[in-house]
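Scroll down for the structure; my scribbles are underneath it.
Every number in this text was worked out from the coordinates using simple rules, so none of it is lab data. The model shown is predicted, which means the values in this text are computed figures rather than measured ones. Neighbour counts run over all protein chains shown; Cβ positions are idealised from the backbone, glycine included.
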Amino acid sequence: MTDASLSPAVRRHQRPMSAFWRRFSTNRSAQIGFLIVGVYLFFAAFGPWVAPYDPLAGSLRMRLAPPSTEFWLGTDDIGRDILSRIIYGARVSFIIMATAVAIGLVIGVLIGVVGGYFGGIIDSILMRIIDVMLAFPSIFLAIGIVAALGPGFFNVIVATGLFSVPQFARIARASVLSLKEREFVEAAHASGESTFNIISLYLLPNSLAPLMVQTTLRMSTVLLTAAALSFLGLGVQPPTPEWGAMLSNGRTYVMIAPHVATYPGLAIFIVVIGFNLLGDGLRDTLDPRMKQ
Amino acid sequence: MSSQPLLSVRDLQTQFVSDGRVIKAVDGVSFDVRPGEILGIVGESGSGKSVTALSVMGLIPWPPGRVVGGSIMFEGEDLRAKTQAQMRRVRGAGIAMVFQEPRTAMNPVFRIGEQMTEVIMLHRKMSRAEASGEARSMLDRVHIAEPGRVMSAYPFELSGGMLQRVMIAMELALRPRLLIADEPTTALDVTIQAQILRLIRELHDEFDLTVLFITHDLGVIAQLCDRVMVMYAGAVVELSPVDALFHSPAHPYTRKLLAAVPSVVDTRNTLRSIAGDVPDLADLPPGCRFYDRCDLRQPECRLAIPDLRKVGEDHTARCVLPNAISP
């Protein structure tokens, strides 16, 4: 640090955003993740305009056709174009993922902030509930919720959303616990800020970085779990083009037409990798301990 | 100076509970802050200075801490009887507080201007534009050269001295009647420290501001304060006009504290410390708290805590022998 009293009024540091981009742009795996997620989001948004065929219309003459120039990734057991189904499936999985993570984020952060800020008996009760949820392996928890609610698109969202609550709750609580001891929060109390303002203007904005990282990483977990539920027949029902359901359907023909199961599986694999790389990259760039 | 005190603290008791032990961080502290004066509180770490300030603000975190006794009268109203919602109106607008470490005392994610505007709007009926104008003019008042640029900066872009000015500007924009400054210069280097002290003195004159100034640095007290209160182990040991304290300290602890200030002139005997330790605040002796470290202790000092006795004009000390001590 140069002599502050001699330097101009405001030292020209890099702005937070530009510093963020500088670090992000030197992180190769984060860029790959960003690229994959970008392509995925493009298909989720514009799928219907770029897909070559109707994902639901099959042609029995073309059953289990291998990849060709006509059907780039081949066709499935009732002659539907697998590429078109994967492209449409991007939207299905994105809706599940985004809604479920949003549910987990909102409920989890609420629980975590209330527990962390108020402490005492409220915190103990909330955290015991969270502990109970964490005691189940996450896929069992999701299966249990779906079993209780019944299979279906909407219930998969509820199940994967609820099973994301503990992770967000713990991260929010940990952030609030450390932030509320910080001097700027004490200073906010001393200038007469209300509890609501302290939470919304001081605690939440300063917890954003870990929550963003968790949101990204959680996307991949939810995608994988939703696909697993569909694979088990508990999730999105046919004929909706969902990757997990497609994989499950292709399983039957894996010996005679391996492409039917391989490509949906590959799509899941690549997108999960993409979100993980992006999440790890964000953690590296946002984590204050990594800053010099 | 004979008018009603602005802040009147009587027999304040603040305790913390830790592992089932009760720590008496502040034990029976009484003092007045008179309108327009700068009262200094001096003492070493753990003497209860900051806890006293936080008790006045109603900001002792429960658990583990709690104000268990005494009264805190501000402008004739008992702050201990107020609800949290009522206290929020006192904090900032009635009593404002400036903290020790300016780099961590501002919200890192918002620009200076946004934070100042927000707090001003919280306490004064102003539109966003008016509040922003007020923030700008207050920054100007604390001698910040380019208020516009500072307002659009994030806290991490400013130096510590600059941020402390911003903090002072932000608090004074609320037009408080009392400013509590809790070691506001301790984290700054000496030249910046002098600038901040000069600024506080200047604002005190300009706004007729009453200041409660907490520090462990007697040099700062000498430069800034009108009166000074010396604390030791959670209690007041001496309360005196600043000149009298430096010329005729009455309590043995005050004398040792003065002797411990490094001198530039006398370089042979610098870096003196006070032998012994502060007593355990969870297990206080029945008598004088300074007994173990005192050179002038008497048998009676062991038995009961001495009262604050008058030793001069507006000057009291908690010692059985104040008149026997001469500077």
B:Y232's amide H: which non-local residues (gap 5+, or another chain) put their own amide H closer than 5 Å, with H modeled 1.01 Å from N in plane and none for Pro or chain starts?
B:V237
List the pair-distance distribution P(r) of the range B:13-81, using every Cα-Cα distance, as the percent of pairs falling in each 5 Å bin from 0 up to the bin containing the longest distance, rounded to whole percents.
3, 15, 26, 26, 17, 8, 3, 1, 0
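Taking 0.36 nm per intervening residue step and subtracting the Cα-Cα distance, what contour gain separates B:V17 from B:A282 on full extension? Write down the numbers at each step before the final one.
Details: separation 265, 0.36 × 265 = 95.40 nm, distance 0.91 nm.
Difference between extended and current length: 94.5 nm.
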The cysteines in chain B that find no other cysteine Cβ closer than 4.7 Å to their own Cβ are B:C225, B:C294, B:C319
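Suppose R0 equals 41 Å; then what is the FRET efficiency for A:E70 and A:S25 from their Cβ-Cβ distance, rounded to the nearest 0.05?
Numbers: r = 41 Å, r/R0 = 0.99.
Approximately 0.50, to the nearest 0.05.
I'd like the per residue volume of the convex hull spanned by the Cα atoms of the range A:23-290, given in cubic angstrom. Present the calculation step by step, with values, prior to reporting the outcome.
Numbers: hull volume 38.7 nm³, N = 268.
That works out to 144 Å³ per residue.
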Can you give me the distance in nm between label points at A:Y253 and B:R201, each placed 7 Å from the Cα along the Cα-to-Cβ direction?
9.0
Calc'd 3J(HN,Hα), the range A:98-115, phi into Karplus 6.51 cos²θ - 1.76 cosθ + 1.60 (θ = phi - 60°), Hz, glycine/Pro = x, comes to 5, 5, 5, 5, 4, 4, x, 5, 5, 5, x, 5, 4, 4, x, 5, 4, x
Give the relative contact order (percent, whole number) for the range A:23-290; include only Cα pairs under 8 Å separated by 6+ residues.
26
Amide hydrogen neighbours beyond the local backbone of B:V68, cut-off 5 Å, H modeled:
B:Q13, B:T14, B:Q15
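Please find the FRET efficiency linking A:F136 to A:L232, where r is the Cβ-Cβ separation and R0 is fixed at 22 Å, and quote it to the nearest 0.05. Mind dumping the intermediate values first?
Working: r = 16 Å, r/R0 = 0.74.
Working from the Cβ atoms, E equals 0.85.
Quick check on packing: order A:219-230, A:261-272, A:83-94 by the mean number of other C-beta atoms within 10 Å, highest mean leading. Walk me through the numbers on the way to the answer.
On the way: A:219-230: 25.3, A:261-272: 19.7, A:83-94: 22.9.
Highest to lowest by the protection proxy: A:219-230, A:83-94, A:261-272.
Rounded to the nearest 500, what is the 222 nm mean residue ellipticity of chain B from helices alone, with -39500 (n - 2.57) per DSSP H run of 4+ residues and division by all residues? Mind showing how you got there, number by number?
Details: 10 runs with 100 residues, N = 327.
When only DSSP H runs of four or more count, the value is -9000 deg cm²/dmol.
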Express in % the proportion of alpha carbon pairs of the range B:65-140 at distances exceeding 20 Å.
47
Pairwise Lys count, the protein assembly as shown - Cα closer than 27 Å, eight or more residues apart or different chains
13
Given the rule -39500 (n - 2.57) for each run of at least 4 DSSP H residues, summed and divided by the residues of chain A, what is its mean residue ellipticity at 222 nm, to the nearest 500 deg cm²/dmol?
-23000 deg cm²/dmol
Taking only the alpha-carbon positions of chain B and ignoring solvent, what does the Debye formula give for the base-10 log of I(q)/I(0) at q = 0.06, 0.11, 0.14 Å⁻¹?
-0.22, -0.74, -1.15
Can you bin every Cα-Cα distance in the range A:148-200 into 5 Å intervals starting at zero and give me the percent of pairs per bin, rounded to whole numbers?
4, 16, 16, 14, 12, 9, 9, 8, 6, 4, 1
Roughly how many nanometres apart are two label points built 7 Å out from the Cα toward the Cβ at B:A222 and B:R66?
4.4
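For the range B:107-234, calculate the relative contact order in percent as a whole number, restricting contacts to Cα pairs under 8 Å that are 6 or more residues apart. Provide the component values of the computation, followed by the final result.
On the way: 123 pairs, mean separation 28.8, N = 128.
Normalised by residue count, the contact order of the range B:107-234 is 22 percent.
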Mind grabbing the base-10 log of I(q)/I(0) for the range B:84-197 at q = 0.11, 0.13 Å⁻¹? Debye formula, identical points on the C-alpha positions, no solvent, two decimal places.
-0.32, -0.45
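Taking 2.2 N^0.38 Å as the expected size of a compact globular protein, what ratio does the Cα radius of gyration of the protein assembly as shown give against it, to two decimals?
On the way: Rg = 32.8 Å, N = 619, 2.2 N^0.38 = 25.3 Å.
With N residues counted in the protein assembly as shown, Rg over 2.2 N^0.38 Å equals 1.30.
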For chain B: relative contact order, % (alpha-carbon pairs under 8 angstrom, 6 or more apart)
20
